[in-house]
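Notes follow once the structure below has been shown.
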Amino acid sequence: MNAANEEDRVFESAAELFGVLATPIRLKIISAVCHGERNVSELLAQIATTQPNMSQHLSTLYRAGVLGRRREGTQVYYRLQSEKVAMLCRAVCTQLAMELDGDEAVPAEDRLLVGGLR
């Protein structure tokens, strides 16, 4: 495979991932499961939405490989399957929170730093 095709695959994969993450509720779900498994009831207690809507978003994240799941009796527990997704979400959301909370604008060269690297 040539370099151009490889680059195209990278951008297509990134676009697919950003599409999966492009919904605030999915980012909230990812945040909720970052520190451990949660079942649907626990997620609904943290995130204001309906059970059918929650299930739809969980299914999308599961099919995309972002979440893993396991069944215990009648409960289904979801966990973060992709640490890369967690790192991406943390970096972007932390940076945006700093920019929104700060009185001063963050200089362009300092925006979206990940681990101090540009």
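The string of couplings for region 15-28 from the Karplus curve (6.51, -1.76, 1.60, θ = phi - 60°) is 5, 4, 5, 4, x, 5, 8, 7, 10, x, 5, 5, 5, 5 Hz, one whole number per residue in order, with x for Gly and Pro.
Dividing the mean sequence gap of close Cα pairs (under 8 Å, 6+ apart) by how many residues region 1-85 holds gives a relative contact order of 28 percent.
Note on residue 46 and residue 97: the model spin-label points, each 7 Å out from Cα along the C-beta direction, lie 1.3 nm apart. Over region 1-76, accessible surface divided per residue gives 64 Å², non-protein components excluded, 1.4 Å probe. Note on residue 9 and residue 81: the extension gain reaches 23.7 nm, defined as 0.36 nm multiplied by sequence separation minus the Cα-Cα distance.
The values are calculated or read from the model by the stated rules, or taken from the named source; none is laboratory data. Only a predicted model underlies this, so the values are computations on that prediction, with no experimental measurement involved. When we count neighbours, we look across all protein chains shown, and the Cβ atoms used for this are built from the backbone with ideal geometry, even at glycine. Note: areas computed on protein heavy atoms with side chains; ligands, DNA, RNA excluded. Shrake-Rupley method; radii C 1.70, N 1.55, O 1.52, S 1.80 Å.
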